[in-house]
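Trainee: First the structure, which I've put down as structure tokens, then a few questions once you've had a look.
The values are calculated or read from the model by the stated rules, or taken from the named source; none is laboratory data. Keep in mind that what you see is a predicted model, and the values were worked out from it rather than measured. Backbone-built Cβ (ideal geometry, glycine too); neighbour counts: all protein chains shown. Just the protein is used for accessible areas: all its heavy atoms, side chains included, with ligands, DNA and RNA removed. Shrake-Rupley method; radii C 1.70, N 1.55, O 1.52, S 1.80 Å.
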Amino acid sequence: MEYSYKFRIYPNITQEEQIQRTFGCCRFVFNYFLAERMEQYKQTGKAPTRFQQDKALTVLKKELKWLREILCLLVLY
């Protein structure tokens, strides 16, 4: 039997801003790699693997400073 739990959180202003930035980064990364998969599939008939995109994410974080900041702040909490 499976159970589910619902929790209501009451973040303060700083935590709410951090949550919004984190979700914004997640949306950006998802859409960026989805567009990459679609484009490569149209061109070659094959999409990049998850491992190829994992490596590309590392490069992307080096290029985009704001992506690194969010991930660093998550570690601190």
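Trainee: Could I have the simple spin-label model distance between Thr49 and Phe23, label points 7 Å from Cα toward Cβ, reported in nm to one decimal?
Mentor: The modelled label-to-label distance comes out at 3.4 nm.
Trainee: Moving to a separate point now. What list of ³J(HN,Hα) values in whole Hz, one per residue of the range 55-68 in order, does the Karplus curve 6.51 cos²θ - 1.76 cosθ + 1.60 (θ = phi - 60°) give from phi, with Gly and Pro shown as x?
Mentor: 5, 5, 5, 4, 5, 4, 5, 6, 7, 10, 4, 5, 5, 5
Trainee: Which of the GluC sites (Glu not before Pro) across the range 1-31 are loop residues per DSSP, with 11 or fewer other Cβ within 10 Å?
Mentor: Of the GluC sites (Glu not before Pro), the ones in loops of the range 1-31 whose Cβ has at most 11 other Cβ atoms within 10 Å are Glu2.
Trainee: Still on this structure, I have one more. So if each residue of separation counts as 0.36 nm, and I subtract the Cα-Cα distance between Thr14 and Lys62, what length gain in nm does that give? Don't jump to the answer; show the numbers that get you there.
Mentor: On the way: separation 48, 0.36 × 48 = 17.28 nm, distance 2.54 nm.
Result: 14.7 nm gained on full extension.
Trainee: Taking only protein heavy atoms and a 1.4 Å probe, what accessible area per residue, in Å², does the range 1-53 have with all protein chains in place?
Mentor: Per residue, the range 1-53 has 97 Å² of solvent-accessible surface.
Trainee: Here is a further query. Where the only charges are on Cβ atoms (+1 Lys, Arg; -1 Asp, Glu), what is the dipole of the range 6-77 about its Cα centre, to the nearest 20 debye?
Mentor: 220 debye
Trainee: In the range 1-74, which chymotrypsin sites (Phe, Trp or Tyr not before Pro) are in a loop and have at most 11 other Cβ atoms within 10 Å, using DSSP for the loop call?
Mentor: For chymotrypsin sites (Phe, Trp or Tyr not before Pro) across the range 1-74 that sit outside H, G, I, E and B with at most 11 neighbouring Cβ atoms in 10 Å, the list reads Tyr3, Tyr5, Phe7.
Trainee: A further question follows. What is the percent carbon and sulfur in the accessible area of the chain, measuring with a 1.4 Å probe over the protein chains and ignoring ligands?
Mentor: After summing per-atom areas, the C and S share lands at 60 percent.
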